[in-house]
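Notes to accompany the following structure.
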Amino acid sequence: MHTPVTIIGAGLGGLTLARVLHVHGIPATVYEAESSPSARAQGGLLDIHDYNGQLALKAAGLMDEFHAIVLEGREATRVLDRNGTVLLDKPDDGKGGRPEVQRGELRQILIDSLPAGTVRWGHKVTDVRSLGGGRHEVTFADGATVDTALLVGADGAWSRVRPLLSAATPEYAGTSMVETYLFDADTRHPAAAKAVGGGMLIVPVQGREIFAHRESGDTLHTYVALNEPLEWFADIDFTDPAAARARMAREFEGWAPELTALITDGDTAPLLRPQYTLPSGHRWDRVPGVTLLGDAAHLGPSNGEGANLAMLDGAELAEALAAHPDDTEAALTAYERVMFPRSAEVVTFEGAEEGLLAMLMEEQAR
Ligand SMILES: Cc1cc2nc3c(=O)[nH]c(=O)nc-3n(C[C@H](O)[C@H](O)[C@H](O)COP(=O)(O)OP(=O)(O)OC[C@H]3O[C@@H](n4cnc5c(N)ncnc54)[C@H](O)[C@@H]3O)c2cc1C
């Protein structure tokens, strides 16, 4: 038996793995750097797809809990040009396969589904090393150690476990997001709220895209994707919100005011989020007793698939371990054989966006 499975990272991927292992009666411990489930805002909407994220939730036996947190109407999509002209306005007809949930609520469902004590909060991994024979030693920031026969790196982009398997490191993808929120938008920012509508807004301008979502209540959450080198952003002082807003406003001069309001009227300081990726098709040769999932394995462009893929990885790894109770290496080989090509297929940021737009336009034309 694979006892206990040691998972580093309580993101959606690591938690899904722990949950599906639990469904199959396999114990696991999840070590998480953050001090508690609420240590960091988990902001943002995630659309959970029927072809990956939802399959993981089915395997986790959590579909009822998932349906209970779906935000109705959020699959509506509007596409506007920079002048505010509506190119597409697709209402949510309830038949879409990508319902939206708040990330924090989804994470909480997974946490609540685990036996008490499964997640060890406040355990930041600082080092991992091979002990030979498929065993590994994990060292935490306080100097404590555990050793394990099965180690899973679910510790995201800057994984501490990845170097056991691969020399690859994330590189800047050439795009950074600037993130803002508008609260009570229907009353305080009505023009911007109308532009966004009931779900998602895309303004597909090459190198200056706007993506905005209506979250719970009438909060608008905006990401502006700017294709610029890191040095370009270094010249903007994001510690000075007013200066950063003014600098952003310059990039959107002449755009419809209801669109620029999403960036310049933010109720939160603009937050810079540079995008990093691992090489496309990242993979490794089998190393006994250790594997990766989610962003640790295949950090990709922000195309709305990352969290969904991480959850599917977690579910499939658990199922592979359950299917090979006495042969960990056979389980890891079976998991990686499917995971590598799937993650390599994940399309590029631009490709994903163009694909989504083409699909929406086609539907509209029908
Ligand atoms: C701005 C933005 C928007 C996005 N929008 C979407 C979207 O709409 N849909 C979608 O599917 N994906 C989206 N993604 C991608 C998605 O967030 C990731 O792909 C997903 O979170 C990966 O899950 P994970 O479990 O692999 O890693 P993570 O969610 O990164 O979780 C890793 C966990 O490991 C912990 N950890 C890290 N280092 C250590 C350590 N040394 N010791 C212990 N614990 C550690 C972290 O604290 C964290 O809890 C978005 C990403 C960004 C940046």
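If you take the residues of segment 300-331 that are closer than 19 Å to L151 by Cβ and within 16 Å of the ligand (Cβ to nearest atom), which of them is surrounded by the most Cβ atoms within 10 Å (Cβ to Cβ)?
D313
Cβ-Cβ distance below 8 Å, separation of 6 or more or different chains: which pairs start in segment 251-269 with a residue that is under 15 Å from L201 (Cβ atoms) and free of Cβ contacts under 8 Å to residues at least 40 places away in the same chain and end on one that is open to solvent by less than 10 Å² (accessible area, probe 1.4 Å) and assigned to a loop (DSSP other than H, G, I, E, B)?
Between residues of segment 251-269 that are under 15 Å from L201 (Cβ atoms) and free of Cβ contacts under 8 Å to residues at least 40 places away in the same chain and residues that are open to solvent by less than 10 Å² (accessible area, probe 1.4 Å) and assigned to a loop (DSSP other than H, G, I, E, B), the close pairs are T260/F252.
In segment 50-59, which residues are outside any loop (DSSP other than H, G, I, E, B) and more than 9 Å from the ligand (Cβ to nearest atom)?
If the condition is that a residue be outside any loop (DSSP other than H, G, I, E, B) and more than 9 Å from the ligand (Cβ to nearest atom), then Q54, L55, A56, L57, K58, A59 are the ones that fit.
Tally up the residues in segment 157-192 that are over 30 Å from A141 (Cβ atoms), part of a strand (DSSP E or B) and open to solvent by 20 Å² or more (accessible area, probe 1.4 Å), please.
Residues flagged as over 30 Å from A141 (Cβ atoms), part of a strand (DSSP E or B) and open to solvent by 20 Å² or more (accessible area, probe 1.4 Å) within segment 157-192 amount to 2.
Being within 16 Å of the ligand (Cβ to nearest atom) and either of a type in the set (D, E, K, R) or touching a Ser or Thr at 6+ places or on another chain (Cβ under 6 Å) (or both) narrows it down to one residue among R19, R82; which is it?
Exactly one of R19, R82 is within 16 Å of the ligand (Cβ to nearest atom) and either of a type in the set (D, E, K, R) or touching a Ser or Thr at 6+ places or on another chain (Cβ under 6 Å) (or both), namely R19.
In segment 19-49, what count of residues is obtained for those that are surrounded by 15 or more Cβ atoms within 10 Å (Cβ to Cβ), assigned to a loop (DSSP other than H, G, I, E, B) and among the hydroxyl-bearing types (S, T, Y)?
So the count comes out to 0.
Of the conditions (1) in contact (Cβ under 8 Å) with a residue 40 or more places away in the chain; (2) not assigned by TED's automatic domain parsing to the domain that holds P257, V178 clears all except one; give me its number.
Condition (2) is where V178 drops out.
How many residues, within segment 50-61, are closer than 16 Å to S113 by Cα and open to solvent by 30 Å² or more (accessible area, probe 1.4 Å)?
2
Can you go through E137, E65, E75 and tell me which one is acidic (D, E) and in contact (Cβ under 8 Å) with a residue 60 or more places away in the chain?
When all the criteria are applied, what remains is E75.
The values are calculated or read from the model by the stated rules, or taken from the named source; none is laboratory data. Given the structure is predicted, the values throughout are model-derived calculations rather than measurements. Note: ideal-geometry Cβ built from the backbone for every residue, glycine included; neighbour counts use all protein chains shown. The protein model used for the area step is the full one, side chains on, heavy atoms only, and it has no ligands, DNA or RNA in it. Shrake-Rupley method; radii C 1.70, N 1.55, O 1.52, S 1.80 Å.
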